[in-house]
């Protein structure tokens, strides 16, 4: 009987404490995005973002403006290889599950963001940025990498595995592109749309100036 009572107490404690550990805190009009399990409405600030492990996401949602004081985008041009998926299997694995952060509004950083983030709005940084998903506009001067992008992607070097919309830069790369690429060099393994540039490559042909494909 005593053992059963102890077991019931332990179970009740576990049940009562588990929701508290995952419960989200609502903050308005200001919050710090480094703290986990929050919904921040207004201004969300922090120093930089990293790529958290899948087992321990930050679970933060910003509705408004998310501002990184520094940002790790400064190291994006130094990466030895692209972090974007090259196969459908790798892509599905990379976008599986919830991201570490959601941003509904503006995601801004002087250097740029490297984040397991889904941005609905505008993501901008001077040097470079890497996001999981962007629905809207993402822009930087040098590097702009996104696994899935719907909208407009602007940088010297753009890359997305799945791209719906417009890429504009010196070099544009897309695994699956549904839309328009404009740059000196454009490449897509699976294009349905148009490429305008000095050299354009897709699954059908390689052409200067203008290339296209509208069939599977």
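Taking region 153-172 as the range and being under 16 Å from residue 132 (Cα atoms), buried (at least 21 other Cβ atoms within 10 Å of the Cβ) and out of contact with any helix residue (DSSP H, G or I) (no Cβ under 6 Å at 6 or more places or on another chain) as the test, the residues that pass are 153, 158, 159, 160, 162, 163. For first residues located in region 29-44 and part of a loop (DSSP other than H, G, I, E, B), partners that are buried (at least 17 other Cβ atoms within 10 Å of the Cβ) and lie 6+ apart or on another chain with Cβ distances below 6 Å form the pairs 33/44; 33/46; 33/60; 34/46; 36/58; 36/59; 37/59. Scoring residue 170 on the criteria (1) out of contact with any strand residue (DSSP E or B) (no Cβ under 6 Å at 6 or more places or on another chain); (2) farther than 19 Å from residue 144 by Cβ; (3) modelled with pLDDT of 95 or more leaves a single failure, condition (2). Screening the candidates 150, 123, 140 for the property of being crowded, with 24+ Cβ neighbours inside 10 Å, closer than 28 Å to residue 64 by Cα, within 12 Å of the chain's Cα centre (by Cα) and modelled with pLDDT of 95 or more yields one hit, 123.
Do we have residue 103 as in contact (Cβ under 8 Å) with a residue 40 or more places away in the chain, in the same structural domain as residue 45 (by TED's automatic domain parsing), surrounded by 17 or more Cβ atoms within 10 Å (Cβ to Cβ) and in a strand (DSSP E or B) here? Yes; evaluated as a whole, the condition is true for this residue.
Look at residue 118 and say whether it is more than 19 Å from residue 65 (Cα to Cα) and either outside the structural domain of residue 88 (by TED's automatic domain parsing) or buried (at least 20 other Cβ atoms within 10 Å of the Cβ) (or both). Break it down stepwise before answering.
Details: more than 19 Å from residue 65 (Cα to Cα): no; either outside the structural domain of residue 88 (by TED's automatic domain parsing) or buried (at least 20 other Cβ atoms within 10 Å of the Cβ) (or both): yes.
It is false that residue 118 is more than 19 Å from residue 65 (Cα to Cα) and either outside the structural domain of residue 88 (by TED's automatic domain parsing) or buried (at least 20 other Cβ atoms within 10 Å of the Cβ) (or both).
Take the conditions modelled with pLDDT of 95 or more, within 19 Å of residue 104 (Cα to Cα) and either outside any strand (DSSP E or B) or touching a strand residue (DSSP E or B) at 6+ places or on another chain (Cβ under 8 Å) (or both) and apply them to residue 131. Does it pass?
It is true that residue 131 is modelled with pLDDT of 95 or more, within 19 Å of residue 104 (Cα to Cα) and either outside any strand (DSSP E or B) or touching a strand residue (DSSP E or B) at 6+ places or on another chain (Cβ under 8 Å) (or both).
Among the residues of region 68-84, is any more than 23 Å from residue 171 (Cα to Cα) and surrounded by fewer than 20 Cβ atoms within 10 Å (Cβ to Cβ)? Within region 68-84, one or more residues are more than 23 Å from residue 171 (Cα to Cα) and surrounded by fewer than 20 Cβ atoms within 10 Å (Cβ to Cβ).
The values are calculated or read from the model by the stated rules, or taken from the named source; none is laboratory data. Worth saying up front: this structure is predicted, and the values here are computed from it rather than measured. Cβ sites come from the backbone with ideal geometry, for glycine too, and all protein chains shown count toward neighbours.
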